[in-house]
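Coordinate-derived values only; no laboratory data. The structure displayed is predicted, hence computed values, not measured ones. Glycine gets a Cβ as well: all are built from the backbone with ideal geometry, and neighbour counts include every protein chain shown.
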Amino acid sequence: MAINVREKYLKSSDKMSWWDMLYLPAILKGMTVTLKHFLFTKAYTVEYPEQRKPVAERFRGRHVMKRDEEGRERCTACFCCMYSCPADCIRIEAGEVTPEIQSNHPEDKYAKVFEIDLLRCIFCGMCQDACPKAAIFLEGDYELAQGNDRDAYILTKMVMMESESKPRKVRR
C-alpha cells in the first residue's frame, strides 16, 4: 500500500503533462536568458592593479583627519565621534593645549590620542556625521590591507593626517 507522494500533494489541475516532466521548456528558458546575457551585454571585468574602478563620491573608505584653513587640527576631542560609533572602534584621549602647541590647536583641548581600529570598524560614516568640527571624513581609498599584524590595522592620528588628500567641501 505505497502512497504516491506526487499524487498525495498535487491537485488534479496541478498534474504535469509528459512535456513538462521532461523539464525541457525550463531548461530552454534558462539557456536563452544565459545566451542573451552572454551575447548582448558588455563585459564588466576590470584588470585591478592596472585599471581601477571609479568609486562613487559618497563611498566610505579610509578615515582621514582634516585641518582647517590655517593648517591647524580641527579635532577638539569632543568625543562625539567616539560616542556615536556603533562598533566602538574609536579611542580618544584629550589633552590640554599648552602655550607651546597653541599654534596647532584652535580650542583649549585637543586629541592627544586618536585611534581607530579598522578591524572593528564597519565604515558606517556615523563618526563623520557626528563630528561638529568636520574633522574626520571617510575618503575613497579602499586599499586598506596593511599586513598580517593586528597593530597595523589601528589608524593613529598621525597616519590619518599624513594620508590627507584633497580639501573637501563640508556638507552640513
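Structure data summary
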{"quantity": "Given (1) 29; (2) 51; (3) 32, the label whose value is percent of Cα pairs over 27 Å apart derived from this model", "calculated": "(2)"}
{"quantity": "Rule-of-thumb Rg ratio for segment 63-162 [Cα; 2.2 N^0.38 Å; N residues]", "calculated": "1.06"}
{"quantity": "Given K53/K133; K133/K157; K15/K36, the pairs whose alpha carbons are separated by over 24 Å", "calculated": "K53/K133; K15/K36"}
{"quantity": "For segment 126-162 and segment 67-91, distance of Cα centres in Å", "calculated": "11 Å"}
{"quantity": "Largest-first ellipsoid semi-axes for segment 51-121, taking √(5λ) over the Cα gyration tensor eigenvalues, angstrom", "calculated": "27, 17, 9"}
{"quantity": "Residue-wise HN-Hα coupling along segment 83-100, computed from phi with Karplus coefficients 6.51, -1.76, 1.60 (Hz; x: Gly, Pro)", "calculated": "6, 8, 6, x, 8, 6, 9, 9, 10, 10, 10, 8, x, 7, 7, 9, x, 5"}
{"quantity": "Ranked T76, T41, T156, criterion: other C-beta atoms within 10 Å, fewest first", "calculated": "T41, T156, T76"}
{"quantity": "DSSP loop GluC sites (Glu not before Pro) with at most 13 other Cβ within 10 Å excluded, longest remaining stretch of the chain", "calculated": "71-142"}
{"quantity": "Nearest 10 degrees, 0 to 90: helix 24-40 Cα axis against the chain principal axis", "calculated": "40 degrees"}
{"quantity": "Exposed chymotrypsin sites (Phe, Trp or Tyr not before Pro) absent: longest stretch of the chain, with sites in DSSP loops and at most 12 other Cβ within 10 Å deemed exposed", "calculated": "45-172"}
{"quantity": "Cα lying deepest toward the dipole's positive end in segment 63-162, options C78, A145, L155, charges on Cβ", "calculated": "C78"}
{"quantity": "Dipole moment magnitude, nearest 20 debye, the chain about Cα centre, only Lys, Arg, Asp, Glu C-beta charged", "calculated": "1160 debye"}
